[in-house]
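Let me begin by presenting the structure, written as structure tokens, before commenting on it.
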Amino acid sequence: MKNPFAVFLLGFILLFPVTGRAESILLVADSWCPYNCSEGTAAPGYLIEIATEALALSNVSVTYEEMNWTRAIYQVKTGKAQALVGAVLAEVPDFVFPRHWLGIAPNAYFTLKSSLWKPTDKDAFANIRLGVTRDYDYGGELQPWIDTHQDTPLVQEAQGTDALGTNLQKLLYGRIDVLVDEKMTVMLKAHEMGMERQIRLAGVDPVRPAEDRVYIAFSPAVARSPEYAAALDRGVEVMRKNGRLAEILKKYGIDDWE
């Protein structure tokens, strides 16, 4: 006669395989607080904290490294790192995406206080110098405009591990007229740089659910990426149910996108 406990245990193992030892994966991104902030601190960003706890439930530990966005994409694309933090679908469509997105990030536009410019003005982008980050995808009608004007003075690309800080400095010194990025990210960085009273929020694009969803995306060159994506999904579901997700989001002043 079969032992019913043994049958149950075998079924559990098949459904939820347990590895004999913990493994570690590398998450990379440029600085984009509060999504991902300074590595090695008590507040590395809510995406980093969620990934750390969610994947730990599947015996996977994470390390996080900041680098410029272009390099981060390359590192994950080639499998030198396992996951890209803060990705949208259009930026890396060949990456492995989990089912659950981890935020919404519509475009927000900032100018100096003295400017009256709005993104809804007629021909708003005809004669402005727009500050962007290299290899970000801004979606909607803006990305095709950026692609068309990429090699002109109208599009000013910043790069490096602190591209947003570079763009804010360029805005302050009159080298660009408008900065586009995520609202809270810009406001936090401006506060850090002591610039919050010198800039103004000129407008925010309407949310486009498919384009503005933020993910942790996994490498197309790593065979286990579908497993990591599934593990992240399972962990996020557990954290949402037990309240831990809400605790992390509250720490960063973020509302649950669902």
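The values are calculated or read from the model by the stated rules, or taken from the named source; none is laboratory data. Small disclaimer: the values here were computed from a predicted structure and weren't measured. When we count neighbours, we look across all protein chains shown, and the Cβ atoms used for this are built from the backbone with ideal geometry, even at glycine. Side chains included, ligands, DNA and RNA excluded: accessible areas come from the protein's heavy atoms. Shrake-Rupley method; radii C 1.70, N 1.55, O 1.52, S 1.80 Å.
Brief remarks follow.
- Distance between the modelled labels on Lys80 and Gln169, one decimal in nanometres: 2.5 nm (7 Å Cα→Cβ projection).
- Between Asn107 and Asp205, the built amide H atoms are under 5 Å apart, and every one of these is 5 or more places off in sequence or on another chain.
- Overall, the ratio between the Cα radius of gyration of region 118-190 and 2.2 N^0.38 Å, rounded to two decimals, is 1.04.
- Maximal additional length on extending the Ala210-Glu141 stretch stands at 23.4 nm, based on 0.36 nm per residue less the C-alpha distance.
- Rg [Å, one decimal], Dmax [Å, integer] - region 128-256, C-alpha atoms: 17.8, 51
- FRET efficiency, Ser114 to Asp94 (Cβ-Cβ, R0 41 Å, nearest 0.05): 0.40
- Here the spin labels are modelled as points 7 Å beyond Cα on the Cα-Cβ line, and at Ser24 and Leu201 they lie 3.9 nm apart.
- Dipole magnitude (debye, nearest 20) for the chain, charges at Cβ of Lys, Arg, Asp, Glu: 460
- Efficiency of FRET between Met193 and Ala230 - r from beta-carbon atoms, R0 45 angstrom, step 0.05: 0.70
- Rounded to the nearest 500, the helix-only mean residue ellipticity at 222 nm of the chain stands at -10000 deg cm²/dmol, with each DSSP H run of n ≥ 4 adding -39,500 (n - 2.57).
- Derived scalar couplings ³J(HN,Hα) [region 67-82; Karplus, 6.51 cos²θ - 1.76 cosθ + 1.60; whole Hz; x for Gly, Pro]: 7, 5, 4, 4, 5, 4, 4, 4, 4, 6, 4, 8, x, 6, 10, 9
- Note that region 55-200 carries a Kirkwood radius of 16.7 Å, evaluated over its alpha carbons pair by pair.
- Signed unit charges on C-beta, dipole axis of the chain, positive-most listed residue Pro226, Ala210, Gly140: Pro226
- Amide H contacts under 5 Å for Val62: Ile25, restricted to partners 5 or more places along the chain or on a different chain, H placed in the peptide plane at 1.01 Å from N.
- Average accessible area per residue (Å²) across region 204-258 - probe 1.4 Å, nucleic acids and ligands excluded: 52
- Counted charge near Leu164, where neighbours are those whose Cβ lies closer than 15 Å (Asp, Glu -1; Lys, Arg +1): -4
- Normalised contact order of the chain, rounded percent, pairs of Cα under 8 Å and 6 or more residues apart: 29
- On Cα atoms only, tilt of 225-242 relative to the major axis of the chain in degrees: 90
- Approximating the spin labels as points 7 Å out from Cα along Cα→Cβ, the Lys122-to-Arg240 distance works out to 4.5 nm.
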